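One structure, as structure tokens, below. Some questions next.
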Amino acid sequence: MALVAPLAALQAQDKVDPVTAPAVDAAIKAATEQKNSEILDSAAAAYETTRKYDAAQKLLESSLTIRAQTSGDHSSAYAVGLMKLGDLAVKRGQGTDALDFYTRAVALGDTPETAPALVYLAGRALGSKDTVQAESLVERALAVAPSGALAGQLPRHVPACRVR
């Protein structure tokens, strides 16, 4: 019983409650009418801070739809939307979903915005002991973000990550 109660509480935090659902639906409606994904991104960030991940997911998915409509599903804006969904999946501990979102984002091109996805994918490759793939991903990340905080996240035991 002592183990079940905390798990139930965590699951309850992750559900869209009846008070949250109308606010989420209203935000989606307003953002869709205005074709403004930023409205939904901001609302999703607020829900993430309160650990209402299902609401954040719904908002980010709708934001991605707007990005596809306004910029196209091969645009950098669309890649940013995929990144946001990947980031949320990481927070939720959903590695398979994060892998999917990040892979789709980097498939649209290597940009400074997708560099964190490249780092994530490199870490996954290292975890699978695929150092060739990890090295390739790290090189791509370094090419688009050669300095700053992101460069500091790169795993230093991959040959390509050694300080040059």
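Residues of segment 126-164 being open to solvent by 90 Å² or more (accessible area, probe 1.4 Å), modelled with pLDDT of 85 or more and part of a helix (DSSP H, G or I), which ones?
Scanning segment 126-164 gives a single hit, 132.
If I filter segment 20-45 down to residues being within 17 Å of residue 83 (Cα to Cα) and of a type in the set (A, V, I, L, M), which single residue comes out as farthest from the chain's Cα centre (by Cα)?
Checking each candidate, the answer is 39.
Going through 37, 63, 42, 76 one at a time, which residue ends up being more than 21 Å from residue 94 (Cα to Cα) and buried (at least 23 other Cβ atoms within 10 Å of the Cβ)?
That would be 37, the only listed residue that is more than 21 Å from residue 94 (Cα to Cα) and buried (at least 23 other Cβ atoms within 10 Å of the Cβ).
Which is within 14 Å of residue 101 (Cβ to Cβ) and hydroxyl-bearing (Ser, Thr, Tyr), of 63, 37, 76?
63
Suppose we filter segment 69-90 for residues that are assigned to a helix (DSSP H, G or I), touching a residue at least 12 places away in the same chain (Cβ under 8 Å) and more than 21 Å from residue 125 (Cβ to Cβ); how many remain?
Residues flagged as assigned to a helix (DSSP H, G or I), touching a residue at least 12 places away in the same chain (Cβ under 8 Å) and more than 21 Å from residue 125 (Cβ to Cβ) within segment 69-90 amount to 9.
Let me ask something else about it. Scan segment 114-129 and report the pairs whose first residue is within 14 Å of residue 143 (Cβ to Cβ) and whose second residue is of a type in the set (A, V, I, L, M) and open to solvent by 50 Å² or more (accessible area, probe 1.4 Å), with Cβ atoms within less than 8 Å and a gap of 6+ or a chain change.
Within 8 Å, the pairs are 114/108.
Select from segment 92-121 the residues that are open to solvent by less than 50 Å² (accessible area, probe 1.4 Å), farther than 23 Å from residue 49 by Cα, modelled with pLDDT of 95 or more and small (Gly, Ala, Ser) and list them in ascending order.
The answer is 105, and nothing else.
When you check residue 93 against the structure, is it under 12 Å from the mean Cα position of the chain (by Cα) and without any contact (Cβ under 8 Å) to a residue 24 or more places away in the chain, yes or no?
Yes.
Could you list, in sequence order, the residues of segment 55-75 that are out of contact with any helix residue (DSSP H, G or I) (no Cβ under 6 Å at 6 or more places or on another chain) and charged (D, E, K, R)?
Answer for segment 55-75, where residues must be out of contact with any helix residue (DSSP H, G or I) (no Cβ under 6 Å at 6 or more places or on another chain) and charged (D, E, K, R): 61, 73.
The values are calculated or read from the model by the stated rules, or taken from the named source; none is laboratory data. Keep in mind the model is a prediction, meaning the values are calculated, not measured. Don't worry about glycine lacking a Cβ; one is built from the backbone with ideal geometry, like all the others, and counts go over all protein chains shown. Protein only, heavy atoms only, side chains kept; ligands, DNA and RNA dropped before computing areas. Shrake-Rupley method; radii C 1.70, N 1.55, O 1.52, S 1.80 Å.
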